[in-house]
Structures are given as C-alpha cells and as structure tokens.
Amino acid sequence: MREDPAMPHPRKTAYGILLIAPALVLGLLSAAAAGELRISVRDEKGEPVGEAVLSAIPAGAPPKLQGPPPVAVVDQVDKEYVPRVKAIQVGTSVSFPNKDDIRHHVYSFSDAKKFELPLYKGTPSDPVLFDKPGVVIIGCNIHDWMLGYIYVFETPWFAVTDAQGGAVLAGLPAGDYEIAAHHPDAKKTAEETRRTVTIGQGSQELMTIQIELKKSLRRSRSPRAGAKGYR
C-alpha cells in the first residue's frame with residue numbers, strides 16, 4: 001500500500017518504540033468521540049419524504065469554515081437542476097455547469113443571495129459565493145419549470161434525505177442540538193418543527209420527524225418540452 005504523504009503516520013525510534021504522530025492521535029480521538037444522528041422523515045400519511053434538508057444547530061456557536069472556500073456543484077441536465085435540493089455551509093461557492101446542448105440563464109432574487117448568470121453553455125468561469133445563511137431559490141429565465149433550492153447554513157452539520165426519507169448527521173461532538181427539517185413544499189417553517197436532542201460521545205441516536213407537505217407549486221414541464229419554443 002502506498003503511503004499518503006499528507007497523512008500523519010506512526011514511526012519507530014532507534015529503540016524500536018512505536019511513536020504516533022500527535023495529529024493522528026487527536027484525529028482518532030476526535031473520530032471516536034463524535035456521535036451521529038440517524039433521521040427518518042415522514043409525511044402526514046407516513047410516507048417517506050425525499051429531498052428534506054436536515055440541520056443540527058449546536059447549543060454553542062457552530063465552527064466556521066477554515067481555509068479556502070470549498071466549491072459545490074449544481075448541474076443543469078435535461079433542463080433540470082441536479083440536484084434540485086442542495087445544502088451547503090456559509091462560505092461555500094457553487095458552480096453551475098450547463099451540461100445541456102442549449103443555453104440556460106441562471107438567476108436568484110432570494111434575500112440570502114441575489115445573482116445572475118446570463119445565457120451560457122458549459123461552465124461559468126467563476127463559481128458563486130454564498131456568504132449568508134438562508135434559502136436561495138434558483139430559476140432559469142428561459143425554462144420556467146427549472147427550479148432549484150440551495151439551503152445555506154452556519155452549522156457544518158446538515159444532510160439531505162434520500163428517496164426512502166433517511167439521512168445521517170455524522171461527526172457530531174457531544175452536546176445538545178436543535179434539529180430542524182426543511183423542505184421546499186413544507187406547510188410549516190423549520191423553526192416551527194424544531195426538535196432537541198442530546199448527543200453523547202460516540203453515541204448513535206435515532207429520530208423520526210414528521211412534516212406536512214403542501215401541494216407542490218412547481219410548474220410541470222410542458223409535454224412539448226422538446227419543441228422549438230422550449231429550447
């Protein structure tokens with residue numbers, strides 16, 4: 001196995017005593033002490049809810065991003081945003097590559113981030129920096145049915161549920177957290193459905209959250225989506 005030069009590793013002294021790099025010891029201890037929360041999200045009928053965004057807000061101030069801002073990606077594929085729902089931390093930049101053979105015009109008028117990427121193909125040269133928390137709804141000036149949702153959090157602990165309504169919030173230091181469930185079609189705000197949980201060192205907790213969904217206001221794609229007027 002090849003060694004990763006960036007990874008601290010054990011070494012032996014002249015006396016054959018094994019020494020462990022301090023950074024590696026701290027990393028192992030931190031991983032062992034971290035807990036996780038497995039969450040199942042269901043609607044009022046008990047059906048699984050996909051694309052629900054879960055966030056864990058610690059009792060103290062959440063840690064901020066360190067180092068250069070990471071870059072997340074929201075693709076444009078077959079005249080849809082992929083993924084439709086994205087969760088990121090404040091300070092993250094997002095790239096919006098257009099993988100269609102037509103041009104798109106990406107924009108948002110949301111308070112958390114107003115921006116506009118005029119008609120283009122391929123990948124814009126600069127990603128968009130999201131520097132405030134909130135929900136950013138993105139659209140396309142050419143294709144009205146194209147809607148995407150970017151949830152921007154100050155906390156680094158968040159996840160999006162899969163089609164079975166499940167998600168895992170991992171790497172949680174021991175302590176108290178407020179758990180919030182967000183969804184583009186939720187009848188109530190995340191603040192109205194917050195739950196409190198205590199995470200112990202290395203513990204694995206389970207939680208089920210129920211949210212009521214309203215009928216989606218998302219405009220369906222035209223049956224003539226491939227016609228000239230929709231390109």
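Here are a few things to note about the model shown:
- If you go through the range 65-78 and keep only what is assigned to a loop (DSSP other than H, G, I, E, B) and in contact (Cβ under 8 Å) with a residue 40 or more places away in the chain, you end up with L65, P69, V74.
Let's see how each residue does on (1) within 12 Å of the chain's Cα centre (by Cα); (2) crowded, with 16+ Cβ neighbours inside 10 Å; (3) outside any strand (DSSP E or B); (4) in contact (Cβ under 8 Å) with a residue 40 or more places away in the chain:
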{"residue": "S125", "(1), (2), (3), (4)": "no, no, yes, no"}
{"residue": "V135", "(1), (2), (3), (4)": "yes, yes, no, yes"}
{"residue": "I138", "(1), (2), (3), (4)": "no, yes, no, yes"}
{"residue": "W145", "(1), (2), (3), (4)": "no, no, yes, yes"}
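- Members of the range 108-120 found to be surrounded by 15 or more Cβ atoms within 10 Å (Cβ to Cβ) and not hydrophobic (A, V, I, L, M, F, W, C), listed by number: S108, S110, K113, Y120
- Of all the residues in the range 182-199, those that are modelled with pLDDT of 95 or more, over 18 Å from the mean Cα position of the chain (by Cα) and not hydroxyl-bearing (S, T, Y) number 2.
- Every residue from the range 147-164 that is of a type in the set (A, V, I, L, M, F, W, C) and either assigned by TED's automatic domain parsing to the domain that holds S110 or crowded, with 16+ Cβ neighbours inside 10 Å (or both): L147, I150, V152, F153, W157, F158, A159, V160
The values are calculated or read from the model by the stated rules, or taken from the named source; none is laboratory data. Keep in mind the model is a prediction, meaning the values are calculated, not measured. Using ideal geometry, Cβ is built from the backbone for each residue, glycine included, and neighbour counts are taken over all protein chains shown.
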